[in-house]
1. Just to be sure, is Thr183 polar (S, T, N, Q), at pLDDT below 95 and within 30 Å of Thr270 (Cβ to Cβ)?
2. Among the residues of the range 194-215, which ones are under 24 Å from the mean Cα position of the chain (by Cα) and not in a strand (DSSP E or B)?
3. Name the one entry in Thr227, Thr200, Thr187 that is without any contact (Cβ under 8 Å) to a residue 12 or more places away in the chain and either hydroxyl-bearing (Ser, Thr, Tyr) or buried (at least 19 other Cβ atoms within 10 Å of the Cβ) (or both).
4. Could you check the range 147-195 and list, in sequence order, the residues that are closer than 28 Å to Asp343 by Cα and aromatic (Phe, Trp, Tyr)?
5. Taking Lys171 and the conditions (1) touching a residue at least 40 places away in the same chain (Cβ under 8 Å); (2) crowded, with 16+ Cβ neighbours inside 10 Å; (3) under 27 Å from Gly97 (Cα atoms); (4) out of contact with any helix residue (DSSP H, G or I) (no Cβ under 9 Å at 6 or more places or on another chain), which numbered condition does it fall short on, given that it satisfies the others?
6. Which fully enclosed strands (runs of 3 or more DSSP E) of the range 279-377 have 3 or more residues being in contact with a strand residue (DSSP E or B) (Cβ under 9 Å, 6 or more places away or on another chain), more than 30 Å from Ser115 (Cβ to Cβ) and of a type in the set (D, E, K, R)?
7. How many of the residues making up the range 353-377 are surrounded by 11 or more Cβ atoms within 10 Å (Cβ to Cβ) and either closer than 17 Å to Thr264 by Cβ or touching a helix residue (DSSP H, G or I) at 6+ places or on another chain (Cβ under 8 Å) (or both)?
8. Go through (1) within 28 Å of Asn125 (Cα to Cα); (2) open to solvent by 60 Å² or more (accessible area, probe 1.4 Å); (3) at pLDDT 90 or above; (4) not aliphatic (A, V, I, L, M) one by one and return the number of the condition Phe46 breaks.
Amino acid sequence: SASKGGGDLKCNANFVGMNTLLQQTDTGYPTINGIEEAIADGSYNFVDPSSNSSAVLNSIAPKKTINARTQEYSGELSLSKGLFNLPGGTADLAIGGNVRWESLNDPNANPLNPSNLGAQYAGINPFNAKGSRWVESGFFEVGLPFHKMFNADVSGRYDNYSGNMNHFSPKVGVNFKPFDQLTLRGTFSRGFRVPSFAETGGSNVGYTTYQPTDQNFINQHLDANGTPDAYAQSYSLGSNTPGNPKLKPEIATNFTGGAVFRATKWLSITADYYYIKKSHYIAPNPVGTASVADTWLSGGTLPEGVTVTPDVEDPQYPNASRRPGLINLGYINTNKLVTDGVDLAIDATTRLPGVLHNIRWYSHGTATYIHSYNHHI
C-alpha cells in the first residue's frame, strides 16, 4: 500500500539452512606409546627404515580420522517503507527480526588422556570446539535526508542469545557534503560479541621450552654423577587454553570521523580517524606458563582458575616428583582493549590512451597508522 509523501510497503522474508561436514584424516604422525613400544621390542628397523612393514608403521603411527560438523538455520523477516518527505528526500524506515540456531562440533584429533599421556600423537595440533545456541534478534534502521547536503542514518539491533546473553546495539551515522568535491562523515556505535564456541567449550594446546629451576625437584632426579637426568633438563611444556563457560560478552564502543576529498573526476582521497574500546575483552589468561610451572613445582598457590596436569613419571626415578606436563590457563574476561588510529585510502581511475581507450585502469592504495593499541588486563 502507498501513502502520500512515502512509498510502498516492502516485505522480504528469507530462510537459510547450512549443514557442513568435514572429515579429516591424519597419517604419518607417531604416538608416544608407538615409538616407545617399537624401541622396546625392536620391531622397527632404524638401520633400513624402508624395510619396515605396513603393520609396523601403522602400529607406530596409526591413522587418525575425525568428523567435524557445523550447522546454522536462520529465518528472517523485514519490512521497509518510505514515511514522509524531507528537504533532501524521503525518510525511510526498515524493521525486522531474525531467529537462528547454530552449532559446532569439531572433535579433538589429539585428545589428552591424563591416565595415558603416551597415547598422544606427536605433531597433531590438539584443538577442539563444541557448542550450540539459539539467537533471537530484532532490528530497525531509519534514513533521514534532512537536506541535500546533510543526511543521517539511525539504526539499532537487539540480540538475545541462549545462556542469558543479550544486548542492544545502537548506531548513528551522519554525512555532510558542503560541495561536490568534499564529504565529511562520522559514525558512533556500540558493538556486542558473545564468546565463540572455542572460547566457551573448546581447547587449544601449544608447547614452549621450559627448564625446571626448583632445586628440591632437581635433587630428586640426579644421576650417578650428581647431574640432573634428562627428565630434569629442558623439555616441551604444554600450554592448554580450555573454554570457559562463565565468560561474559564483549561490549564495544566505536567512533569514526573523516572526509572524502574528490580532487578530480578520476582521483579521490579518504582519511578516517577511528577509536575502538572493547570492554570485558576475551583473551587467554596472560599468566606465564613458566611462572606457573615454577610455582607448582615449589608447592605454591596457583592463580585462580589455573591448574596443572602432571607429566608421566621419570623412568629412572618413578617415585620422584613429576614435572608439569600441561598448564591449563583458559580464557578470561580482561578489563578492556583500546585502540585508535587513522585509515587512509587513495582511489584513481582513468582510461588508457590511444587504441586502448575503451579499457579503464583502476588503482587503489591503503595505509593505516595505529596511534595506540593498549590491552588493559
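1. Working: polar (S, T, N, Q): yes; at pLDDT below 95: no; within 30 Å of Thr270 (Cβ to Cβ): yes.
Spelling it out, it is not the case that Thr183 is polar (S, T, N, Q), at pLDDT below 95 and within 30 Å of Thr270 (Cβ to Cβ).
2. Let us first name the residues in the range 194-215 that are under 24 Å from the mean Cα position of the chain (by Cα), namely 194-208.
Selection gives Val194, Pro195, Ser196, Phe197, Ala198, Glu199, Thr200, Gly201, Gly202.
3. Working: Thr200 fails: without any contact (Cβ under 8 Å) to a residue 12 or more places away in the chain; Thr187 fails: without any contact (Cβ under 8 Å) to a residue 12 or more places away in the chain.
Answer to the selection: Thr227.
4. Phe150, Phe168, Phe176, Phe179, Phe188, Phe192
5. (1)
6. Numbers: elements: 282-284, 307-310, 324-328, 331-333, 336-351, 360-376.
It comes to 336-351.
7. Adding up the residues that qualify gives 3.
8. Checking Phe46 against (1) within 28 Å of Asn125 (Cα to Cα); (2) open to solvent by 60 Å² or more (accessible area, probe 1.4 Å); (3) at pLDDT 90 or above; (4) not aliphatic (A, V, I, L, M), the one that fails is (3).
The values are calculated or read from the model by the stated rules, or taken from the named source; none is laboratory data. In this text the structure is predicted, and so the values were computed from the model without any measurement. In this analysis, Cβ positions are derived from the backbone assuming ideal geometry, glycine residues included, and neighbour counts consider all displayed protein chains. These area figures cover heavy atoms from the full protein model, side chains too; ligands, DNA and RNA do not enter into them. Shrake-Rupley method; radii C 1.70, N 1.55, O 1.52, S 1.80 Å.
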